[in-house]
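First the structure, in the form of structure tokens, and then the observations on it.
The values are calculated or read from the model by the stated rules, or taken from the named source; none is laboratory data. Predicted model only: the values in this text are computed from it and were never measured. Don't worry about glycine lacking a Cβ; one is built from the backbone with ideal geometry, like all the others, and counts go over all protein chains shown. Protein only, heavy atoms only, side chains kept; ligands, DNA and RNA dropped before computing areas. Shrake-Rupley method; radii C 1.70, N 1.55, O 1.52, S 1.80 Å.
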Amino acid sequence: MEAGQAAIDAGARALEAGSLVAFPTETVYGLGADAENPAAVAAIYAAKGRPQDHPVIVHVAPGASLDYWCADIPSEARQLADAFWPGPLTMILKRAPNIPDAVSGGQDTVGIRCPSHPVAIRLLQAFKGGQGGVAAPSANKFGHVSPTTAQHVRDEFGADPRIAAVLDGGQSEVGIESTIVDLSRLATHGPVLLRPGHISAESIAAVIDQMPARPDALGADPSAPRASGTLESHYAPHTPVAMQDTATLASTLARLHGAGRKVALIHYSPLPAVHAEVALPATPEGFAHALYAALRAMDGVGADLILVEAPPQDGAWLGVNDRLRRAAHGSSGIVHGLINNTPTF
Ligand code: TXA
Ligand code: MG
């Protein structure tokens, strides 16, 4: 049941007191703390098991002042905030000197976004009278699949005494994390797309007249902001994940079946029955919305492998393909190994 105002107000008081509160956003659920309380931010890292030098996103209420959190703000940042906030866009900007460096893992930048989920907005408005910032990474253990329901968050953390409340807001609409665009080095590097998401590079370019570059296009750049969503292995279930094209999937399934393997299948085309399966919509929005719930469900069926029908490669599927590639990282020989009985991990 969706959290009511009393639960939201209690969540805001808990945040003000330095506790952690998990809350829904339109992308995924976040594990929140007062961004200006370094001890509370440290508790997020401890609960997640996340390295201390990974920055977290600061969530602000609609109408919050960018100038309080950020410095050297380019006009492009204000244009993007006007166009896409509240919504699933995070901007990386220079951090204002008064903001504790705990939120940015010691970097001189800050990631900031105004989410559109009504429960998130009401929480941010109740917290410090709407003037505060809630630091929140996705509410999952480091490297694991992000949560898109309150139950996912409870499954992830159990009864962690650091977490005062999990506010329920139903299933997150978008289903994959926000688009991240780095504007902190605009003059020298232009806008850089650190993480693809529901808001595409093309829609960003339509607002600021500059197409964000992909970070890989810039080569190894030691001054580039670090982002854990850019790690090769991330968003991963415990069961190995592999992707296969539609054309090869049926024969792979037959061979895995012949080798006595249990397959959990995530697909959008009609395919033969397997141990367990989830059929997802064949649209990027529908697929993204249900993807993490499907990965979690298929992780719980005792399969040897989660096999995913590879989505199309076109731009609209960029966010989904990015998450799937990271979820499958390190499992490259797995299908062959399972068919031929050679352990690959
Ligand atoms: O949709 C989302 O963005 C969700 C919801 C809860 O808002 N949050 C989320 O947070 O995905 P997290 O921590 O799981 O991923 C945030 C990403 C990380 O890759 C982090 O490194 C990057 O944003 N990030 C945050 N601040 C940054 C900064 N100052 N510079 C570079 N990257 C930053
Ligand atoms: Mg995350």
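Give 102, 77, 71 a once-over and let me know the one that is among the aliphatic types (A, V, I, L, M) and more than 22 Å from the chain's Cα centre (by Cα).
71
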- request: Of the conditions (1) under 16 Å from residue 64 (Cα atoms); (2) within 10 Å of ligand 1 (Cβ to nearest atom); (3) aliphatic (A, V, I, L, M); (4) in contact with a helix residue (DSSP H, G or I) (Cβ under 7 Å, 6 or more places away or on another chain), residue 124 clears all except one; give me its number.
  value: (2)
task: Being part of a loop (DSSP other than H, G, I, E, B) and within 16 Å of ligand 2 (Cβ to nearest atom) is the filter; apply it to region 125-141 and report the residue that is surrounded by the most Cβ atoms within 10 Å (Cβ to Cβ).
output: 139
Near pairs, Cβ below 9 angstrom, 6+ apart or cross-chain, from region 220-248 (modelled with pLDDT of 80 or more) to any residue that is within 13 Å of ligand 1 (Cβ to nearest atom) and open to solvent by 50 Å² or more (accessible area, probe 1.4 Å): 234/142
message: Going by what's in this entry, would residue 171 be described as part of a helix (DSSP H, G or I), out of contact with any strand residue (DSSP E or B) (no Cβ under 9 Å at 6 or more places or on another chain) and touching a residue at least 60 places away in the same chain (Cβ under 8 Å)?
response: no
field: Enumerated strands (runs of 3 or more DSSP E) restricted to region 253-329, each holding at least 3 residues that are touching a residue at least 60 places away in the same chain (Cβ under 8 Å)
entry: 305-309
message: Here are the criteria: (1) touching a Leu at 6+ places or on another chain (Cβ under 9 Å); (2) of a type in the set (Phe, Trp, Tyr); (3) within 15 Å of ligand 2 (Cβ to nearest atom). Tell me which single one residue 45 does not satisfy.
response: (1)
- prompt: Does residue 56 satisfy being within 16 Å of ligand 2 (Cβ to nearest atom), closer than 24 Å to residue 164 by Cβ, touching a residue at least 24 places away in the same chain (Cβ under 8 Å) and in the same structural domain as residue 175 (by TED's automatic domain parsing)?
  reply: yes
message: With the requirement that a residue be at pLDDT 95 or above, open to solvent by 60 Å² or more (accessible area, probe 1.4 Å) and away from ligand 1 (no atom under 15 Å from the Cβ), what does region 192-218 give you?
response: 202, 206, 209, 210, 211
query: Before we move on, is residue 142 more than 15 Å from the chain's Cα centre (by Cα), in contact (Cβ under 8 Å) with a residue 40 or more places away in the chain and not assigned by TED's automatic domain parsing to the domain that holds residue 318?
result: no
message: Restricting to region 178-191, give me the number of residues that are over 22 Å from residue 29 (Cβ atoms) and near ligand 1 (Cβ under 10 Å from one of its atoms).
response: 2
query: If we only count helices (runs of 4 or more DSSP H) wholly inside region 1-119, which ones have 3 or more residues that are farther than 24 Å from residue 153 by Cβ and open to solvent by 10 Å² or more (accessible area, probe 1.4 Å)?
result: 66-69, 75-84
